[in-house]
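Since every read-out is calculated from the coordinates, none of them should be taken as a lab result. For clarity, every value in this text was computed on a predicted model and none was experimentally measured. Glycine also receives a Cβ, built like all others from the backbone with ideal geometry; neighbour counts cover every protein chain displayed.
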Amino acid sequence: MMNNLFSIFDPTSSVMNLSLNWLSTFLGLLLLPLLYWLIPSRISITWYTIIHALHTEFKTLIGPTGHNGSTFIFISLFSLILFNNFLGLFPYIFTSTSHLSLTLALALPLWLSFMLYGWINHTTHMFAHMVPQGTPPVLMPFMVCIETISNIIRPGTLAVRLAANMIAGHLLLTLLGNTGPSLVISALSILLIAQMLLMTLESAVAIIQSYVFAILATLYSSEVN
């Protein structure tokens, strides 16, 4: 029996005083050798199709002023988050994307690099973003404050959105799963159906959240060009 509901997200379980739970972040690398077979499998073909679609979309969002190859950063980001979200749905695999220490480590360096690049190379363009077009002169100081605050909290919103969505689904699955031993057979069948529906929903959330994270990072980068 769990002493704390949030113990399922505890990263401190260790082997020989080494916190090995975070190694689950690299389990997605085990899927990479499938891409190098001479005759590609259906999984490889599906993944190539997804990458091509993402590349086209990210290229459109970045625009013609973007650097060549910059879309691969966001495709890699999408792949990393997607692998971690999906692997976290398996039993006894640590969900690293449910922790702000990982999501902030992904969002903060990206946002900081975009800001430094924009303010150093396109200073006038960055100042122009502070005041939306058509703003009355009286409201300009307030708009500058609002735009500055919304810009500063961007890495936090990216990180919290991903971590909160992963935590919420896992907590709901855990809460329903803990009620199983105390139910009768007729109620247990209903619980199993609910758990399967929730697992399907969590699989969709795993894809959507990785896509949202990558898309928003792409949009933030397109604003500094």
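The ranking of TYR220, TYR117 from fewest to most other beta carbons within 10 Å of each one's beta carbon is TYR117, TYR220. Just checking the listed ones, THR25, THR123, THR65: in the Gaussian network model of the chain with Cα springs under 10 Å, the one fluctuating most is THR65.
For segment 5-222, the relative contact order works out to 29 percent when only alpha carbon pairs closer than 8 Å and six or more residues apart are counted. Applying D = kT/(6 pi eta Rh) to segment 5-222, where Rh is the Kirkwood radius over alpha-carbon pairs, T corresponds to 10 °C and eta to 1.306 mPa s, the Stokes-Einstein value obtained is 79 µm²/s.
Highest mobility in the GNM of the chain, judged by mean-square fluctuation with C-alpha springs under 10 Å and restricted to LEU34, LEU171, LEU102, is found for LEU34. The mean of 1/r over all distinct Cα pairs in segment 83-164, once inverted, gives the Kirkwood hydrodynamic radius of 15.0 Å. Computed over the chain with a Gaussian network model linking Cα atoms closer than 10 Å, the most mobile of SER24, SER150, SER70 is SER150. Please work out the C-alpha center-to-center distance from segment 94-124 to segment 146-196 and express it in whole Å. With segment 94-124 and segment 146-196 each reduced to a Cα centre, they are spaced 25 Å.
Considering the dipole of the chain built from charges on the beta carbon (Lys and Arg +1, Asp and Glu -1) around the Cα centre, which of PHE86, SER98, ILE50 is farthest to its positive end? Of PHE86, SER98, ILE50, it is ILE50.
The residues GLU57, GLU202, when put in order of fewest to most other Cβ atoms within 10 Å, stand as GLU57, GLU202.
Across segment 143-224, the fraction of Cα-Cα pairs farther apart than 14 Å, rounded to a whole number, is 72%.
Membrane-span-like helices in the chain, defined here as complete DSSP H runs extending at least 27 Å along the helix axis by their C-alpha atoms with mean Kyte-Doolittle hydropathy no lower than -0.5, are 42-62, 100-121, 154-178, 185-222; this is a sequence and geometry rule, not a statement about a membrane.
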